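All remarks here apply to the structure that follows.
The values are calculated or read from the model by the stated rules, or taken from the named source; none is laboratory data. Keep in mind it's a predicted model, so treat the numbers as computed, not measured. Neighbour counts are summed over all protein chains in view; Cβ atoms, including those assigned to glycine, are modelled from backbone coordinates with ideal geometry.
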Amino acid sequence: MTEKRVENVIIVGGACAGYTAAVYTARANLEPLLIEGFQWGGQLQNTTHVENYPGFPDGIMGPELMQQFRTQAERFGTRFITDDATRIELSDGGIQRVWVGDEEHLAKAVILSMGAEPKRLGIPGELELSGRGVSTCGVCDGAFFKGEDVAVIGGGDSAMEDSIFVSKYANDLTTIHRRDDFRASKIMLERAKAVPNISLKTPYVPEEFIAGEDGRIAKVRLRHADTGETEELEVGGAFVAIGHTPRSELVRDQVDTDDQGYVLTRDGSTRTNLAGVFAVGDLVDHTYRQAVTAAGTGSMGALDAEWYLRDTPPSPEAHWAGRAGQTEPAPTS
């Protein structure tokens with residue numbers, strides 16, 4: 001008979017929230033296993049200069065910040081699997097199961113921190129100029145474009161919020177939307193219209209981000225949605241603000257989510273509707289989406305998991321989960 005190890009806690013997703021959860025659970029002697037993903041580090045791996053994370057008055061490069069998070073988690077004993085979770089089977093108060101390919105991992109608690117991905121336009125130059133004038137976060141990067149003419153692309157509240165924030169730094173800001181009507185709430189749209197240096201350009205569809213001689217964005221090629229005529233708008237920066245997609249596909253049919261797929265948590269905690277399952281970071285946050293807020297919820301998830309393991313006795317399922325070749329006995333009346 002071979003006993004399969006049952007971890008105290010498995011963390012799924014390695015970025016701000018996941019690494020912070022790992023630091024806290026490792027320091028609590030829970031020996032966390034972090035399935036960090038093949039492309040670990042989250043959105044900050046594709047970010048250049050980060051100036052708004054506390055503790056770095058001169059700023060820090062995004063990949064370097066993520067490496068420091070990871071190194072700190074490793075220092076306290078976190079174990080890593082640098083690959084993607086391919087299947088997750090959750091239970092309500094029992095053993096949680098996470099697969100990486102054909103390899104199954106068991107845990108008494110799991111912290112979900114898979115994050116969210118910004119939606120992309122899918123046009124030439126978008127990825128190539130990411131970090132070179134093309135951004136998906138106005139709050140994160142707006143201050144880098146002081147005195148520039150910039151564009152914000154999108155028609156929802158996120159686009160209006162980014163437009164209003166970035167307009168404080170930009171010279172002129174053009175909000176581009178593919179339709180004449182906006183999905184944004186009326187109050188957000190009116191606030192954007194009231195800002196003197198914001199202009200709305202509709203109905204135009206971005207077709208390409210064009211680099212200048214210095215390798216940074218210089219123009220956005222636009223096509224009129226009705227006439228098909230094209231024009232080029234000169235810009236020093238462009239913000240794609242068309243929303244985010246939470247990476248909840250592995251658990252969406254098991255935990256409660258909202259209509260956008262963000263995992264729902266309870267009573268100001270990181271607890272989900274399933275005992276022993278916690279969710280943190282951008283997987284639950286469609287409002288702030290900042291590195292510091294993700295890290296904050298990572299610490300909350302770790303503490304919630306620690307308290308759960310302290311206060312919740314192992315279930316019968318947990319006792320039998322790792323006993324290969326044996327069948328769990330039928331419940332007795």
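Give the number of residues within region 239-262 that are closer than 20 Å to T86 by Cα and over 12 Å from the mean Cα position of the chain (by Cα). Let's see the steps before the verdict.
Our first condition is that a residue be closer than 20 Å to T86 by Cα; within region 239-262, this holds for 245-257, 261-262.
Cutting the leftovers down to over 12 Å from the mean Cα position of the chain (by Cα) gives us 249-257, 261.
Residues that pass the stated criteria total 10.
Say whether the condition of being part of a strand (DSSP E or B) and closer than 13 Å to L34 by Cβ is met by at least one residue in region 83-104.
The first filter runs over region 83-104 and keeps only residues part of a strand (DSSP E or B), leaving 87-89, 96-100, 103-104.
Okay, now just the ones that are also closer than 13 Å to L34 by Cβ, so 98, 100.
The answer is yes; a qualifying residue exists.
Let me confirm something: among G261, G281, G236, which residue is closer than 24 Å to G41 by Cα and either surrounded by fewer than 23 Cβ atoms within 10 Å (Cβ to Cβ) or not assigned by TED's automatic domain parsing to the domain that holds I11 (or both)? Talk me through it step by step, then tell me what you get.
Numbers: G281 fails: either surrounded by fewer than 23 Cβ atoms within 10 Å (Cβ to Cβ) or not assigned by TED's automatic domain parsing to the domain that holds I11 (or both); G236 fails: closer than 24 Å to G41 by Cα.
The conditions single out G261.
Within region 35-49, how many residues turn out to be under 16 Å from the mean Cα position of the chain (by Cα) and either without any contact (Cβ under 8 Å) to a residue 12 or more places away in the chain or assigned to a strand (DSSP E or B) (or both)?
Going through region 35-49, the residues under 16 Å from the mean Cα position of the chain (by Cα) turn out to be 35-47.
Retained after the next criterion (residues that are either without any contact (Cβ under 8 Å) to a residue 12 or more places away in the chain or assigned to a strand (DSSP E or B) (or both)): 35, 39.
Of the residues in that region, 2 qualify.
Could you pull out the residue among A151, A170 that is outside any loop (DSSP other than H, G, I, E, B) and either of a type outside the set (D, E, K, R) or touching a strand residue (DSSP E or B) at 6+ places or on another chain (Cβ under 6 Å) (or both)? Break it down into steps so the answer makes sense when it comes.
Numbers: A170 fails: outside any loop (DSSP other than H, G, I, E, B).
Matching residue, one of A151, A170: A151.
Kindly establish whether Y308 is surrounded by fewer than 24 Cβ atoms within 10 Å (Cβ to Cβ), in the same structural domain as V98 (by TED's automatic domain parsing), in a helix (DSSP H, G or I) and not basic (K, R). Before you say what the answer is, go through the steps one by one.
Details: surrounded by fewer than 24 Cβ atoms within 10 Å (Cβ to Cβ): yes; in the same structural domain as V98 (by TED's automatic domain parsing): yes; in a helix (DSSP H, G or I): yes; not basic (K, R): yes.
It is true that Y308 is surrounded by fewer than 24 Cβ atoms within 10 Å (Cβ to Cβ), in the same structural domain as V98 (by TED's automatic domain parsing), in a helix (DSSP H, G or I) and not basic (K, R).
Quick grid of which residues meet (1) under 21 Å from the mean Cα position of the chain (by Cα); (2) within 29 Å of D253 (Cβ to Cβ); (3) assigned by TED's automatic domain parsing to the domain that holds R289; (4) outside any strand (DSSP E or B):
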residue: F56; (1), (2), (3), (4): no, no, yes, yes
residue: E64; (1), (2), (3), (4): yes, no, yes, yes
residue: R70; (1), (2), (3), (4): yes, no, yes, yes
residue: L106; (1), (2), (3), (4): no, yes, yes, no
residue: I111; (1), (2), (3), (4): yes, yes, yes, no
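State all residues of region 187-220 that are among the acidic types (D, E) and surrounded by 15 or more Cβ atoms within 10 Å (Cβ to Cβ); if no residue qualifies, say none.
Of the residues in region 187-220, the ones among the acidic types (D, E) are 190, 207-208, 213-214.
Once the filter is applied, which keeps residues that are among the acidic types (D, E) and surrounded by 15 or more Cβ atoms within 10 Å (Cβ to Cβ), region 187-220 yields E207, E208.
Find the residue count for region 17-34, including only residues that are touching a helix residue (DSSP H, G or I) at 6+ places or on another chain (Cβ under 7 Å) and either assigned to a loop (DSSP other than H, G, I, E, B) or at pLDDT below 95 (or both).
Residues of region 17-34 that are touching a helix residue (DSSP H, G or I) at 6+ places or on another chain (Cβ under 7 Å), as a first pass: 17-26, 28, 30, 32, 34.
If we keep only those that are either assigned to a loop (DSSP other than H, G, I, E, B) or at pLDDT below 95 (or both) too, we end up with 28, 30, 32.
Counting residues in region 17-34 that are touching a helix residue (DSSP H, G or I) at 6+ places or on another chain (Cβ under 7 Å) and either assigned to a loop (DSSP other than H, G, I, E, B) or at pLDDT below 95 (or both) gives 3.
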